[in-house]
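What follows draws every value from the coordinates through simple rules; no lab data is involved. As the structure is a computational prediction, the values presented were derived from the model and not from experiment. In this analysis, Cβ positions are derived from the backbone assuming ideal geometry, glycine residues included, and neighbour counts consider all displayed protein chains.
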Amino acid sequence: MPPKLLLPILTIFLLVANIFVISEFEMDYSRWSRLISTGLYFLVLLWQNTYGKRIFWVFVLFLIADILLFQYENNLVNTATFLIRITAYILLVLTVAPELRNLKTNLFQKVVFGVVLGLNLGMLFFLLEMVPSKFKYPFLEFFFVIYGMSMIALVIAAISYNNRYANKISFYFTAGTLFLVFSDITSFIAYYLEFSEFYYADRIFYLLGAAVLVKFTLFNRSHEAVPEFESL
């Protein structure tokens, strides 16, 4: 099999397999399929040998978080899972942060970022209010808000990165991170709001996000910013 076909073929296989497991088996089997999928992407990442240290640790943290999912109903494990994924998102922000130094924005872009931040924070607190009392425990709200803010920071960093460079490299990073954020949002709706249909969207977004991030590591990131954007 040509190396360039490995990732797309693996992703298609994992999408079909995970959808089948979610539809036919109980939650523990679904969690196993997620863990195995993350492990396979991690092996592909190691095989490509083009990853940076931060992306390597992001996938290590994803693996740990998937293992903890088996005891997710335990409050301490639940908290640890939040902290691990917050750390993974911070590492993703740091992955592109050096390339966003001296980022120039105009008033319109600042207003857009402010609106996006406000809307996302509003949605965050709205979703939190909808969580049934049986899921709530001390400090859940605190960790959930920090988790949500890390997601917002990642989205802002990814969009800024794509605006600045507007090439395949920035596209793959932005797409991968947005898929992961969509996965977390749909996972929250599926688990905490008990809309089980969203587990399908959660897994699809997660697999696509992991696959695209692995693809992102293949590129040499010696690229130049878009002149029009730099001149603002």
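In table form, for the structure just shown:
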{"item": "Per-pair calculated FRET efficiency, R0 = 30 Å: Arg101 and Trp32 via Cβ, rounded to 0.05", "result": "0.10"}
{"item": "Close Lys-Lys pairs in segment 5-229, where close means Cα under 29 Å and separation is 8 or more or interchain", "result": "7"}
{"item": "Cα Rg over Rh - segment 40-82, Kirkwood", "result": "1.11"}
{"item": "Scattering profile of segment 98-216 at q = 0.10, 0.11, 0.17 Å⁻¹ [log10 I(q)/I(0), Debye over alpha-carbon scatterers]", "result": "-0.36, -0.44, -0.95"}
{"item": "Gained length - Phe13 relative to Tyr137, 0.36 nm times residue gap less alpha-carbon distance", "result": "40.9 nm"}
{"item": "Per residue convex hull volume, Cα atoms of the chain, in Å³", "result": "121 Å³"}
{"item": "Efficiency of FRET between Ser196 and Lys4 - r from beta-carbon atoms, R0 41 angstrom, step 0.05", "result": "0.70"}
{"item": "Local electrostatic count at Asn18 - Lys and Arg +1, Asp and Glu -1, tallied over other residues with Cβ under 9 Å", "result": "+2"}
{"item": "Within segment 1-108, trypsin sites (Lys or Arg not before Pro) in DSSP loop having at most 11 other beta-carbon neighbours inside 10 Å", "result": "Arg101, Lys104"}
{"item": "Net dipole in debye of the chain [+1 Lys, Arg Cβ; -1 Asp, Glu Cβ; about Cα centre; nearest 20]", "result": "740 debye"}
